[in-house]
Amino acid sequence: MQVLSYLIPISLILGAVGLAAFIYTVRSNQYDDPEGDARRILSDEWDDHPKP
Amino acid sequence: MTAQIRHTTSVCPGCATAPHEAAEAAPAEARLALSLPGIHCQACISMVERGLNARPDVHSARVNLTLKRVMIEADPDLRAADLIPVIEGLGYEAHELDLSALAATQADRAGRDLLMRLAVAGFASMNVMLLSVSVWSGASDATRDMFHWISAAITFPAIIFSAKPFLQNAWSALRVGRLNMDVPIVLALVLALVTSLWETSLSGEHAYFDAALTLTFFLLAGRYLDYRTRAVARSAAEELTALEVPRAIRLLDGQEYEVPVADLGLGDLILVRPGGRMPVDGEIVDGQSELDRSLLTGETLPVFAEPGLAVSAGEVNLTGPLTVRATAVGEDTSLHRMADLVAIAESGRSRYTSLADSAAKLYAPGVHVLSALAFAGWFLYTFDMRTALNIAAAVLIITCPCALGLAVPAVTTAASGRLFKKGMLIKHATALERLAEVDTVVFDKTGTLTAGTPEVENFGDFQRADLEVAAALASASAHPLSQALARAAHEAGIKPAEVSELQEIPGYGTEGRFRGKPVRLGRAVWVGGSQGAQTQAWLDAGSGKPASFLFSDALRPGAEQAVKDLQAAGKEVLLLSGDTEGAVEDLALRLGIAKWMAGALPGDKAARVQMLAESGKKVLMVGDGLNDTAALAAAHVSISPASALDAARVASDIVLLGQDLSPVPDACDTARRATKRIRENFRIATLYNIIAVPLAVAGLATPLIAALAMSTSSITVSLNALRLR
């Protein structure tokens, strides 16, 4: 049962990373325009160099 | 609108912007919003953004495709009117949006907050479920205790954060001595946590940490769905309001200044151009024109306007520019005074109790009594506090209202989504339930059943030569009747005659010279005819014997079908209008409506609707004008088209976004099916309880059974709701 002492913290940390990532996306307005963001990746405007 | 604004700015950009800057203490950046109904793909996004960003005075522009809107940060003196031509040049339709009417940012914070709580509850419940599964599959002794302690450590902070909305609601209900759906929820949560912690400290077998968290998660999901549906409707309704940018042209020492309507004061001189709407109540001091009062009174006949005539906010100026002296502004205008009538009528609607509330009223006391009885019974039987408390907690958790909490929002989300696709905006939370009960439909005439655009009736009665003259005279004016005449002539293939010295006399009509004789098209008195009850324009084609064109209002598309479908569905259809008897009777006959009322004042309409309600009818009111506002509010449920006045849209529960009226019977049908699904969902939730409660009361429930019952009932309820799509 020694393995539990690594596995439980690992599973908790992984879950917390996912939660933090989700909270980050909410806070940075990434759900404001789902339709537009899905379309924007099809545009080849900034393919060669990043938007300045 | 846009054309006029552009005109002022190009004539005198300095004076148009000067008062604007002074009022707002010169911000470093202006934020503008434009609505772009035509954009649909990534090429549109890049084209609009590239076009706007190419201007040096635009700092940044970002398109939101979901909302079909572009937000622009720009130099403070840039106006939306300067950018509209840019976008129109790219081939897209653009309208200015009033940013102060778009309060979505504040509402959005509430949604984000709810989403965050949902995420935390989801994260915690998954982790605790992971630990619980190992307990259920046989972990024992020290391992089980450790798992329980870890679960407790995750659960307590997560519940305190995630369940805050329930705690707050329950507390505010209890403080005034009432019960709502949140009270049993909070009681179940608190009891589950306390007994589980107690059990854990005694190394007991059963802990309900996972159940408490899943319960919170499902309930928050229901709340979030509910919130999303209403937020979508609210933001669409806000957009309709924001499209009407309230501006007026104030005259000061002979100069024209464009100012927000809110800044107008008593005694100000205001210039209203043809096609513009009166921003205030007032008196005409200069100019001659005709006024369209149909939105206020339902009359289709334009009224002659000359100095001295009193005008009310909301009337539309038709032919000539008018100068108006303001006698009442803002809150004092007749448009706003109508709000009092609405407030009185609205109290009737608040008497409606939603299905969810009536379910909660039955459910909440029942659960508490059951759980208390289980506690008392087991305590008397065993004299063991621990067993009794454990069983009471199990009863509360198993009967948890999470399926009930999802039953209504899941269905309304699905139904609103379906109706939104058909162009109907459900503004009020219980509008669907009320719509399902409707048995009587009351229509307004002008602007609701009719499109508000006139059509020539007796085109065939005229000689071709006369029609050619009429076409020439009509094409010189922007008056709605002239335009209808010109359109009819064009469709009949009639070429305008060569009439010289054409000129429009605002308020009267157009005149000119044809083969040396004066010719006229216009009002009865001016041309020499006699005004009848119907809308008419008189033509004198040089003979000195005037003849009249008769006009009738064109039907709104789908109106005939909607009335027929409603009658076929067994609903009684009535027509209440402020227009003259002849016009109303004519339309009622055409649509097959047996009961109608003409010349109705706003108070009459509301009284009639209230009378119907008192005789036990559930009335659906469909109307658009200011004269319908009180009736809209008095009805059991109400619909207004998007072309309605702002006040009417605010008073109604459902807004029809398109031109077509035919979705109305369809909406009644969808609403009826949605209500049926809600009742079905209640039954499903009750069924699960009937199976699980005896187990819980008998002390046979385990956390595994609780978790299974809760999840399956919530999922069945959601799936049942999805069948509506």
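The values are calculated or read from the model by the stated rules, or taken from the named source; none is laboratory data. Worth saying up front: this structure is predicted, and the values here are computed from it rather than measured. So basically every Cβ, Gly included, is an ideal-geometry build from the backbone, and we count neighbours across all protein chains shown. Note: areas computed on protein heavy atoms with side chains; ligands, DNA, RNA excluded. Shrake-Rupley method; radii C 1.70, N 1.55, O 1.52, S 1.80 Å.
The table that follows gives values for the structure above.
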read-out	value
Cβ pairs under 6 Å, 6+ apart, first in segment B:108-123 and facing chain A (nearest Cβ under 8 Å) and at negative phi, second assigned to a helix (DSSP H, G or I) and among the β-branched types (Val, Ile, Thr)	B:112/A:26; B:115/A:26
Residue B:246 within 30 Å of residue B:428 (Cβ to Cβ) and open to solvent by 40 Å² or more (accessible area, probe 1.4 Å)	yes
Residues satisfying the stated conditions in segment B:651-684, i.e. modelled with pLDDT under 85 and assigned to a helix (DSSP H, G or I)	B:651
All positions within segment A:17-46 that are of a type in the set (A, V, I, L, M), more than 9 Å from chain B (Cβ to nearest Cβ) and open to solvent by less than 70 Å² (accessible area, probe 1.4 Å)	A:20, A:21
Qualifying residue in segment B:38-47 (condition: under 19 Å from residue B:235 (Cα atoms), open to solvent by less than 20 Å² (accessible area, probe 1.4 Å) and either modelled with pLDDT under 85 or among the aromatic types (Phe, Trp, Tyr) (or both))	yes
Residue count for segment B:79-104, restricted to those that are without any contact (Cβ under 8 Å) to a residue 60 or more places away in the chain and in a loop (DSSP other than H, G, I, E, B)	4
Considering residues of segment B:201-243 that are hydroxyl-bearing (Ser, Thr, Tyr) and outside any helix (DSSP H, G or I) only, the residue nearest to residue B:399 (Cα to Cα)	B:208
Matching option when the condition is in contact with a strand residue (DSSP E or B) (Cβ under 6 Å, 6 or more places away or on another chain) and surrounded by fewer than 22 Cβ atoms within 10 Å (Cβ to Cβ), among B:227, B:257	B:257
Any hit, segment B:199-210, residues being within 13 Å of another protein chain (Cβ to nearest Cβ) and either out of contact with any strand residue (DSSP E or B) (no Cβ under 8 Å at 6 or more places or on another chain) or within 19 Å of residue B:705 (Cβ to Cβ) (or both)	no
Output for segment B:125-142, where each listed residue is part of a helix (DSSP H, G or I), surrounded by fewer than 16 Cβ atoms within 10 Å (Cβ to Cβ) and either among the hydroxyl-bearing types (Ser, Thr, Tyr) or more than 11 Å from chain A (Cβ to nearest Cβ) (or both)	B:133, B:134, B:136
Neighbours by Cβ (under 6 Å, 6+ apart or cross-chain): first from segment B:567-581, at negative phi; second assigned to a strand (DSSP E or B) and open to solvent by 60 Å² or more (accessible area, probe 1.4 Å)	B:574/B:595; B:575/B:596
Candidates B:615, B:643, B:552, filtered to the one that is within 30 Å of residue B:470 (Cα to Cα), hydroxyl-bearing (Ser, Thr, Tyr) and either without any contact (Cβ under 8 Å) to a residue 12 or more places away in the chain or open to solvent by 10 Å² or more (accessible area, probe 1.4 Å) (or both)	B:552
Any hit, segment B:189-200, residues being in the same structural domain as residue B:389 (by TED's automatic domain parsing), outside any helix (DSSP H, G or I), of a type in the set (A, V, I, L, M) and open to solvent by 50 Å² or more (accessible area, probe 1.4 Å)	no
So residue A:14, is it modelled with pLDDT of 85 or more, within 30 Å of residue B:109 (Cβ to Cβ), out of contact with any helix residue (DSSP H, G or I) (no Cβ under 6 Å at 6 or more places or on another chain) and more than 9 Å from chain B (Cβ to nearest Cβ)	yes
Residue identified as surrounded by 21 or more Cβ atoms within 10 Å (Cβ to Cβ) and of a type in the set (Ser, Thr, Tyr) among B:450, B:430	B:450
Residue check for residue B:337: of a type in the set (Lys, Arg), under 25 Å from residue B:445 (Cα atoms) and modelled with pLDDT under 75	yes
Count - residues of segment B:40-78 that are away from every other protein chain (no Cβ under 13 Å), among the β-branched types (Val, Ile, Thr) and part of a loop (DSSP other than H, G, I, E, B)	0
Matching residues, segment A:1-16, being open to solvent by less than 90 Å² (accessible area, probe 1.4 Å) and under 19 Å from residue B:157 (Cβ atoms)	A:8, A:9, A:11, A:12, A:15, A:16
Residue in segment B:143-169 that is farthest from the other protein chains (Cβ to nearest Cβ), counting only those that are open to solvent by less than 70 Å² (accessible area, probe 1.4 Å) and β-branched (Val, Ile, Thr)	B:159
Conditions (1) more than 29 Å from residue B:631 (Cβ to Cβ); (2) touching a strand residue (DSSP E or B) at 6+ places or on another chain (Cβ under 7 Å); number of the one not met by residue B:567	(1)
Test for residue B:274: is it open to solvent by less than 60 Å² (accessible area, probe 1.4 Å), more than 24 Å from residue B:127 (Cα to Cα) and touching a His at 6+ places or on another chain (Cβ under 8 Å)	no
Check on residue B:570, modelled with pLDDT of 85 or more and more than 20 Å from residue B:295 (Cβ to Cβ)	yes
Condition check for residue B:472: free of Cβ contacts under 8 Å to residues at least 24 places away in the same chain, aliphatic (A, V, I, L, M) and either not in a strand (DSSP E or B) or not assigned by TED's automatic domain parsing to the domain that holds residue B:317 (or both)	no
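So that you can scan it fast, the table gives a plain yes or no per residue for (1) outside any strand (DSSP E or B); (2) of a type in the set (A, V, I, L, M, F, W, C); (3) out of contact with any Lys or Arg (no Cβ under 8 Å at 6 or more places or on another chain); (4) in the same structural domain as residue B:536 (by TED's automatic domain parsing):
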site: B:565; (1), (2), (3), (4): yes, no, yes, no
site: B:579; (1), (2), (3), (4): yes, no, no, no
site: B:613; (1), (2), (3), (4): yes, yes, yes, no
site: B:621; (1), (2), (3), (4): no, yes, yes, no
site: B:629; (1), (2), (3), (4): yes, no, yes, no
site: B:632; (1), (2), (3), (4): yes, yes, yes, no
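Conditions (1) modelled with pLDDT under 85; (2) under 24 Å from residue A:21 (Cβ atoms); (3) of a type in the set (Lys, Arg), marked per residue:
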position: B:66; (1), (2), (3): yes, yes, no
position: B:75; (1), (2), (3): yes, no, no
position: B:85; (1), (2), (3): no, no, no
position: B:98; (1), (2), (3): yes, no, no
position: B:101; (1), (2), (3): yes, no, no
position: B:116; (1), (2), (3): no, yes, no
position: B:120; (1), (2), (3): no, yes, no
position: B:123; (1), (2), (3): no, yes, no
